[in-house]
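Each remark here refers to the structure printed beneath this line.
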Amino acid sequence: MSKTLVLSGNLAVAHALRQVDPHVYPGYPITPSTKIMEAVASFIADGEMQCELIAVESEHSAMSAAVGAASAGARVASATAANGLAFMWEVLYIASGSQLPIVLAVGNRALSTPINGFADHGEAMGARDASWITLYSENVQEAYDNIIQAFRIGEDKRVRLPVIVCLDGFLLTHTSENITLEDDETVKAFVGTYQAEYSLLNPDQPVSHGLSDPPAYYMEHKMRQQAGMEQARAVIEEVGAKFGEQFGRRYGLVDSYRMDDAEIAVVILGSEAGRVKSVVDNLRQAGKKAGVLRIRAARPFPEEQIIRQLLGLRAVAVMDRSYAPGAVGAPMFQEIRSALYDYRSSAPPVINRIYGLGGRELRNADVEAIFAELEALTSGDETVPGIQLVGLRGEPLPTWQELRPVETPTAKTEQPYAQ
């Protein structure tokens, strides 16, 4: 029977892991996700989990042990954050290249240096091309729900890829909320019994892992990961729908809020979506047709859903909690503008607002200002900056207009070589 408890995000994730009870948890504690490993260790010590906890000397070793256990046919989970995820970098690619459905909770935290223990999405965005399915949680309930779904998504025979579940550091990992904790046996039945497709310990089906792959085969093997990622879109929605039927909370690739008749909208990931939704409610009361599109699955990227939601709007702001120095805007902004490129004749103008780096506070007034800029864009105001950091002290970033060359470049007519 389900029950309502007050839990932090870390404890909610730990309870989800207790209910699933994976075979192996290799871990190394790091703020702000340390409590996940501590709670799992307590559950095991109290006889509430049969899981084998492996305490290693580093995050690199934790993911290496996860790969070894998963290759042997075990269901595997772990947790990390920030520099811990960065330390796993090499092995993230080994896990996905071996198509091992490991589940990894990430308490999103800014990367050093300077050392910062607070939330942003830089570390997870840095891993976005490691071929891990990546889900972002808006609140503690969703963090719990995402962990449960992650096992079923990654282990699906059409997918067979590892899964990262993100929850913003301190904002979710340490904040306590009322959540519905589902019945243990019902969760176990929903996730199901894991049967690895390939196991190093099965003598009747010999397999190899980690072999050298020459140029004649490497691309084809990498495309198997791509095929799994493409299939994952449908699987995420299927699992989210079945989860809704079972537990009453349905999930998809994106979460649209008051988008049906919206004219202007913000696209965002993570915990601050709730703040933006509350601002939208206030704007709606003032007669402004504002909406929010929250991206739940950053990988696989939900291109079709984003295009469907954003085409027809008059202006859009993508709010990124990460930064890409030297690039034209932050990661989600780049991907969303790319998705809209083929529809550029009818696509809305898209601006980028980079917020909350290193835990910098986002205020309601900041969100209201972003929507005011979108309204200005719909009126033809060309002075609205295309890319800007929210709450940055000192000189702002140059606007698109200031970066734009005076003359439009034309194709060169000279011969490439001297005659």
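Computed quantities for the displayed model
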| quantity | calculated |
| --- | --- |
| Selection count, the stretch 199-224, where residues are charged (D, E, K, R) and surrounded by fewer than 11 Cβ atoms within 10 Å (Cβ to Cβ) | 2 |
| All positions within the stretch 295-330 that are farther than 15 Å from ARG128 by Cβ, of a type in the set (D, E, K, R) and in contact with a Ser or Thr (Cβ under 8 Å, 6 or more places away or on another chain) | ARG314 |
| Matching residues in the stretch 203-233 - criterion: being part of a helix (DSSP H, G or I), over 22 Å from GLY154 (Cβ atoms) and of a type in the set (Gly, Ala, Ser) | ALA216 |
| Residue under evaluation ILE164, criteria (1) in contact (Cβ under 8 Å) with a residue 60 or more places away in the chain; (2) surrounded by fewer than 24 Cβ atoms within 10 Å (Cβ to Cβ), criterion not met | (2) |
| Any pair with Cβ under 7 angstrom, 6 or more apart, that starts in the stretch 175-188 at a residue that is in contact (Cβ under 8 Å) with a residue 40 or more places away in the chain and ends at one that is in a helix (DSSP H, G or I) and of a type in the set (Gly, Ala, Ser) | THR175/GLY9; ILE179/ALA12 |
| Sole residue being surrounded by fewer than 16 Cβ atoms within 10 Å (Cβ to Cβ) and either of a type in the set (A, V, I, L, M) or outside the structural domain of TYR144 (by TED's automatic domain parsing) (or both), chosen from ALA196, ALA227, ALA232 | ALA227 |
| Selection status of THR180, within 20 Å of VAL24 (Cβ to Cβ) and either small (Gly, Ala, Ser) or at pLDDT 95 or above (or both) | no |
| Unmet requirement for GLN388, which otherwise passes all of (1) at negative phi; (2) surrounded by fewer than 19 Cβ atoms within 10 Å (Cβ to Cβ) | (2) |
| Residue within the stretch 59-72 that is touching a helix residue (DSSP H, G or I) at 6+ places or on another chain (Cβ under 9 Å) and outside any helix (DSSP H, G or I) present | no |
| Test for ILE44: is it crowded, with 23+ Cβ neighbours inside 10 Å and in a helix (DSSP H, G or I) | no |
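The values are calculated or read from the model by the stated rules, or taken from the named source; none is laboratory data. Here the structure is a predicted model, which is why all the values come from computation and not from measurement. We place every Cβ from the backbone using ideal geometry, glycine too, and count neighbours over all the protein chains shown.
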